[in-house]
Amino acid sequence: MNKTYSAKPSEVTRAWYLIDATDAPLGRISTEIANILTGKKKPMFTANIDCGDFVVVINSDKLVVTGNKLNDKMYYSHSGFPGGIKSMNLGQKIERDSTKVIELAVKGMLPKNKLVTDRLARLRIFTGEEHTHSAQKPTKVTFNKKEVN
């Protein structure tokens, strides 16, 4: 009788991956990052064990979005007081902090459970070409970048 394999936390080995966000759509990058952080592409994937890897994203300033999302997509925050709502569109958010845009998109694609904070802690985002994790020798991830019109 075959038994279902269930990974143990001591068996998890973590690799490092490098993703270049230059001219890549936000959604495509976010789904790829979310899959790597959860470990879905590993054969040892177990839903209740954190099997994911580390992800380093560079060139977050050169991120692109399709359509009119730069003006139409809104981010809201509320202070908790009456009239304390603040809104900002995607273009303004990228100008202020482009790393936060990628982080929020990836956070929305991860499962909402106790593992989400540990998974997001393994995501490192840099605005330029330089990053501080070259000693880990991250593997460059290439994925299909569709033409953006």
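Of the residues in segment 20-51, how many are among the polar types (S, T, N, Q) and modelled with pLDDT of 95 or more? Show your work before the answer.
So the first thing to find is which residues in segment 20-51 are among the polar types (S, T, N, Q), and the list is 22, 30-31, 35, 38, 46, 48.
Pick out the ones that are also modelled with pLDDT of 95 or more and you get 30-31, 35, 38.
Residues flagged as among the polar types (S, T, N, Q) and modelled with pLDDT of 95 or more within segment 20-51 amount to 4.
Among all residue pairs at least 6 apart or on different chains, which show Cβ distances below 8 Å where the first residue, located in segment 10-33, is among the polar types (S, T, N, Q) and the second is not in a strand (DSSP E or B)?
Between residues of segment 10-33 that are among the polar types (S, T, N, Q) and residues that are not in a strand (DSSP E or B), the close pairs are T22/N59; T22/K62; S30/I102; S30/A105; S30/V106; S30/G108; S30/M109; T31/M109.
In segment 33-70, which residues are among the hydroxyl-bearing types (S, T, Y) and part of a loop (DSSP other than H, G, I, E, B)?
First, pick out the residues of segment 33-70 that are among the hydroxyl-bearing types (S, T, Y): 38, 46, 60, 66.
Matches in segment 33-70: T46, T66.
Every residue in segment 40-52 that is surrounded by 21 or more Cβ atoms within 10 Å (Cβ to Cβ) and either farther than 23 Å from T132 by Cβ or among the charged types (D, E, K, R) (or both), please.
Keep residues of segment 40-52 that are surrounded by 21 or more Cβ atoms within 10 Å (Cβ to Cβ), which gives 51-52.
Once the filter is applied, which keeps residues that are surrounded by 21 or more Cβ atoms within 10 Å (Cβ to Cβ) and either farther than 23 Å from T132 by Cβ or among the charged types (D, E, K, R) (or both), segment 40-52 yields only C51.
Can you find, within segment 73-131, the residue that is farthest from S60 (Cα to Cα) among those that are basic (K, R) and in contact with a strand residue (DSSP E or B) (Cβ under 8 Å, 6 or more places away or on another chain)? Spell out how you get there, then give the answer.
Within segment 73-131, the subset basic (K, R) is 73, 86, 93, 96, 100, 107, 112, 114, 119, 122, 124.
Filter again for in contact with a strand residue (DSSP E or B) (Cβ under 8 Å, 6 or more places away or on another chain), leaving 73, 86, 93, 96, 122, 124.
Numbers: K73: 18, K86: 24, K93: 12, R96: 12, R122: 17, R124: 11 Å.
Out of the qualifying residues, it is K86.
Conditions: (1) over 30 Å from T4 (Cβ atoms); (2) touching a residue at least 40 places away in the same chain (Cβ under 8 Å); (3) touching a Ser or Thr at 6+ places or on another chain (Cβ under 7 Å); (4) not small (G, A, S). T46 meets all but one. Number of the miss?
Against the list (1) over 30 Å from T4 (Cβ atoms); (2) touching a residue at least 40 places away in the same chain (Cβ under 8 Å); (3) touching a Ser or Thr at 6+ places or on another chain (Cβ under 7 Å); (4) not small (G, A, S), T46 comes up short only on (1).
Scan segment 90-129 for residues that are under 17 Å from V64 (Cβ atoms) and polar (S, T, N, Q) and jot them down.
Q92, S98, T99, T127
Between Y17, Y5, which is of a type in the set (S, T, Y), at pLDDT 95 or above and either over 12 Å from L123 (Cβ atoms) or under 15 Å from the mean Cα position of the chain (by Cα) (or both)?
Working: Y5 fails: at pLDDT 95 or above.
Matching residue, one of Y17, Y5: Y17.
When you go through (1) under 17 Å from the mean Cα position of the chain (by Cα); (2) closer than 23 Å to P111 by Cβ; (3) not in a strand (DSSP E or B) one by one for T22, which number turns out not to apply?
(2) is the only condition that T22 fails.
Could you check, for segment 59-69, whether at least one of its residues is in contact (Cβ under 8 Å) with a residue 24 or more places away in the chain, within 18 Å of A121 (Cα to Cα), surrounded by 13 or more Cβ atoms within 10 Å (Cβ to Cβ) and in contact with a Phe, Trp or Tyr (Cβ under 8 Å, 6 or more places away or on another chain)?
yes
Looking at segment 29-66 only, could you name the residues that are β-branched (V, I, T) and under 16 Å from E11 (Cβ atoms)? Step through it out loud before you land on a result.
Going through segment 29-66, the residues β-branched (V, I, T) turn out to be 29, 31, 33, 36, 38, 46, 49, 55-58, 64-66.
Those that are β-branched (V, I, T) and under 16 Å from E11 (Cβ atoms): T46, I49.
The values are calculated or read from the model by the stated rules, or taken from the named source; none is laboratory data. Just so it is clear, the model here is predicted, and its values are computed rather than measured. Reconstructed Cβ throughout: ideal geometry from the backbone, glycine too, with neighbour counts over all protein chains shown.
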